[in-house]
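Trainee: Below are the C-alpha cells for one structure; questions will follow.
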Amino acid sequence: MMVTGLAAVILALAFLLTLVSLIQPLAKRLEISETVLIAIVGIVLGGAASLIVRSSATDLLDGAAEALIYFPINSEGFLLIFLPILVFQGAMAIDVRRLAHETATVLLLAVVAVVVSTATIGLALYPFAQQSMVACLLLGSIVATTDPSAVAGIFREIGAASRLTRLVEGEALLNDAAAIAIFSILLAAVTSHHQIHLGDAVIDFATAFGGAIVVGVALGRLTLLMIAGLGGAPAAEMSLTLALPYAVYILCDEMLGFSGVVATAAAGLTVSAYGPSTFRPQVWRSVNEMWEQLVFWAGSLVFILAAMLVPRLLIGMTRWDCVLILIATVAGLIARGAVVFGLLPILAFTKLSPPVPNPFKATMVWGGLRGAITLALALAVTENQRVSSPVAHFIGIIATGFVLITLLVNGTTLRSLVLFLKLDRLSPIDEAMRHQVLAIGLTEVAERTRELSNELGFSEQTRAGVINRLEKRAEKEREANDFEAALGDRNRVTIALITIANQERSLLLDLFRIQGLSRRVMETLLRTAEAMADGARLEGRYGYVRALKKRLQPTWRFRIAQELHSRLHIDEPLMYCMMERFEMLIIAHLVSLSLMRFVRQRMEPTLGPRITEIVSEVLGRQRKLLDDALETLRLHYSGYSEALESRILRQIALRLEDEEYDALQSDNLISEELHRELHRDIERHRARLDTPLRFNLKSGIEQRLRAFPAFNGVPDNVLHELSRKVSMHFVSPE
C-alpha cells in the first residue's frame, strides 16, 4: 500500500511536469503570461479532480484525482521546498552593482509598501468583515507580498526597459521576507489571543532582517571559500551552491529566529557578486544554467500546486465574500499606488535613488500580482488548528479571491498596458545605436556572404539575390541613421566608455580561465571594471577616470600591512599584498593593450574617429598610470617581475595548447584516448606552476648597498651581514 501511494505521488508529479512543459509554448502562442496560464490550468485541474472524486460515475480516475488533490505537501512544505530555490536564484540572477543604485527604491517597495498595504487592507476590511482588527491585518499581510514571475516574464517577452525588470525583481527579493515576518507576528497574536506591542514588533522585525543579512553574507562567503579550495571539481562546486540556500534558510528560520528569506537572498546576492571571480567561467555558466532549470521546475510546480488548492479554499464562499474581496483588492491597489506615486518622488528629490518615470510607476502599480506565496500563507492559516473556523474561512476565501483577481484581471491586461505606455521601445540612445550598428553590420555581412558564396560555389543568381537583399537593408538603415544628430559627443563618449568597461570585464573573465591566477586579484579587477562601467553610466568620462584611479590606490589591506611593516617590522602581510599588486598590475597592463586594439578595430567604425580619439586618450592615460606603477616595482624587484611575467605567459601558453588539442579532438583528428592523455600532460605542467612565487621585500639589498660610494672597499662578508640587519621602510607605490 505504501509503495502504491508513493508511486501515485511520483506519477502525479511527472504528470504535472509534463503539463507545465506543454503550457510554456502554448502561453507564447496565445501571448499571455505563462504564470497566469499555469494558474488557470491549476484551478481547472483542482476543480476537475474534486468533481471526479465526488462523482460515483466511475472509479477509473479516482486514484489519479486523489493523488492530485491530496498531494503530500502542506503550507510548510511549500515554503521550505520551493521558497529557498526561488529566492536564491532570483538573487543570483541580479546584477548586484546595478541594483545597488536602486537600493532605496527596492527597500521602499519591498518593506514600506508591504507595511502600508498590510495596514491599508486591514483597515479597509475591518468595518465590513465582522472580524477582529488583528485578523484583518493578518489578511493584509498575506496579500501584501507580490509575485514577480508573471510580471518579469511579460517584461522580458516584449522587451520592456531593463530597469523596470530590475526594479520588479529587486522588490521580489525582500517583499516576501517582509510579508512573512509581519505574518508571523500577527499569526502569533491571533493564535495566542494577546495584544501586539508595536515597539517589540519593530525590534523583532529589524532583528530578523539584520541578523539574516549577516548570516546570509557570512555563509555565502564561506561557501565560496570552500568552492575555491575544491581545486576545480565542477560537480562538487555546483552541489555546494544547491546546499547553500537550504542551509541558510533552515538555520535562520528554524534555529536563530531570523528571516530565512532575507538570509537566502543575501547569500544569493553574495554568490552573484563574487561568483564570477570564484568559479571558472565555464563552471559559472553551468551553475547558472542549472539554477535556471531548477527555478523553472520549482516556480511552475509551486504555482500549479497552489492553484490546485483554489477550489478547496473557496468552499463556502458567499456573495458578501465577493464584496470583501473587491474591497481588499481596491485597498491594495490604492496602497501600492500611494507608495509608488507618493514616496518615490521624495527619494528622487533627496537624491537617494534615480528618478522613476511615471509610465514605470503605473506599470509597477498595476503589475503588483499576487501568487503562490500568498496562497501558501493562506493555506498555513486554514491548516492551523489554533485558528478559529470563522477566521480561517475569512482568510482562505478573501486571500484566494484576491489572488484570482490580480492574476485574471491585472495579469491578462499588463502586457497591453506596457505596450500602450510604449515601454517596450528602445531609448533614443539605443534607437540611434541600432541604426548605426545595423548599417555597418549589414554591409560587413553582405561582403562576407559574397566571399563565402564564392568559396562554396553558389550560383550567381542565388548569390545576387541574397546579397542584394542585405545591401538594400543596409541602405535603408543608412537612410534612417541619425546617429550623429541624435547623440552628441558626450553621449557617444559615455557609450564608448561603458562598452570598454564591459569589454574589460569579458577579457578578465576570459583570462580567469588560466589556472593559477589569484582569485583575490581577479575579484578586485572585476569589481573595479564594474565600478568603471557604473561611473561612466552615472558621470561619464569623469566617473570612469575616477574609478580607474581608485583601482591603482592601495587597498585597506595594503595600508594595514604597510603599518605592520613600518611600526612592528612584520613583513609577511606586506609581502603577500605586494605579490597581489604585482599580479594585478601585470594583468591590467595586458588587458589595457587588448582594449586599445578593441577600440581601433571594433569601436571606430561604429562611433567614428573623433570619439575613438577621445576614448584612446583616456585609455592612453590609463596605460601610462599602469606603466608608471609597474615600472616602479620592476625597478626595485626586477627578478620577481621577470619570474611572474614568465609564469603568466607559460600559463597562457598552456591554455592555448589545451584549446588546440580540444579543436583537434572536435575535428576528429585525434582519438578521445589521445586527447585525454594530452590533457593529463597539460595538467602535469600546470601543477608545476600552481605553487605561487615567493616575494621578498629585502631582495637585492646587498647589491643596492654595494652601489653606494660609502661602502667601497667593504669586504663582501661584512656587507652581507650588514644587509641582513638593514631595516627597510617601504613607501606605498601610489
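The values are calculated or read from the model by the stated rules, or taken from the named source; none is laboratory data. No experiment lies behind these values; they were computed from the predicted model shown. When we count neighbours, we look across all protein chains shown, and the Cβ atoms used for this are built from the backbone with ideal geometry, even at glycine. To get the accessible areas, we keep the full protein, side chains included, count just its heavy atoms, and leave off ligands, DNA and RNA. Shrake-Rupley method; radii C 1.70, N 1.55, O 1.52, S 1.80 Å.
Trainee: What pairs come up if the first residue lies in the range 638-661 and is over 15 Å from Glu683 (Cα atoms), the second is open to solvent by less than 50 Å² (accessible area, probe 1.4 Å) and of a type in the set (Phe, Trp, Tyr), and their beta carbons are under 7 Å apart, counting only those six or more places apart or on different chains?
Mentor: Taking only residues 6 or more apart or on different chains, the pairs are Tyr640/Phe582; Tyr640/Phe695; Ser641/Phe582; Leu644/Phe582.
Trainee: Report yes if some residue within the range 108-128 is modelled with pLDDT of 75 or more, in a helix (DSSP H, G or I) and under 15 Å from the mean Cα position of the chain (by Cα); otherwise report no.
Mentor: Within the range 108-128, not a single residue is modelled with pLDDT of 75 or more, in a helix (DSSP H, G or I) and under 15 Å from the mean Cα position of the chain (by Cα).
Trainee: Can I ask one more? Within the group Ile586, Ile560, Ile611, which residue is modelled with pLDDT under 80 and of a type in the set (Val, Ile, Thr)?
Mentor: Ile611
Trainee: Let me ask you something else. With the requirement that a residue be of a type in the set (Lys, Arg) and either in contact with a strand residue (DSSP E or B) (Cβ under 8 Å, 6 or more places away or on another chain) or open to solvent by 20 Å² or more (accessible area, probe 1.4 Å) (or both), what does the range 337-368 give you?
Mentor: Matches in the range 337-368: Lys351 only.
Trainee: Scan the range 347-360 and report the pairs whose first residue is under 14 Å from Leu109 (Cα atoms) and whose second residue is exposed (fewer than 13 other Cβ atoms within 10 Å of the Cβ) and of a type in the set (Ser, Thr, Tyr), with Cβ atoms within less than 6 Å and a gap of 6+ or a chain change.
Mentor: From the range 347-360, no pairs qualify.
For (1) modelled with pLDDT of 75 or more; (2) among the hydroxyl-bearing types (Ser, Thr, Tyr); (3) surrounded by fewer than 16 Cβ atoms within 10 Å (Cβ to Cβ), each residue gets a yes or a no:
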| site | (1), (2), (3) |
| --- | --- |
| Arg448 | yes, no, yes |
| Glu455 | yes, no, yes |
| Val466 | yes, no, yes |
| Glu477 | yes, no, no |
| Ile495 | yes, no, no |
| Leu511 | yes, no, no |
| Ile514 | no, no, no |
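Trainee: Here's another thing I want to ask about it. Kindly list the number of the only condition in (1) modelled with pLDDT of 80 or more; (2) surrounded by 19 or more Cβ atoms within 10 Å (Cβ to Cβ); (3) among the β-branched types (Val, Ile, Thr) that fails for Val168.
Mentor: Exception for Val168: condition (1).
Trainee: Condition first: closer than 30 Å to Thr165 by Cβ and either open to solvent by less than 70 Å² (accessible area, probe 1.4 Å) or at pLDDT 75 or above (or both). Now tell me which residues in the range 432-444 satisfy that.
Mentor: Ala432, Met433, His435, Gln436, Leu438, Ala439, Ile440, Gly441, Leu442
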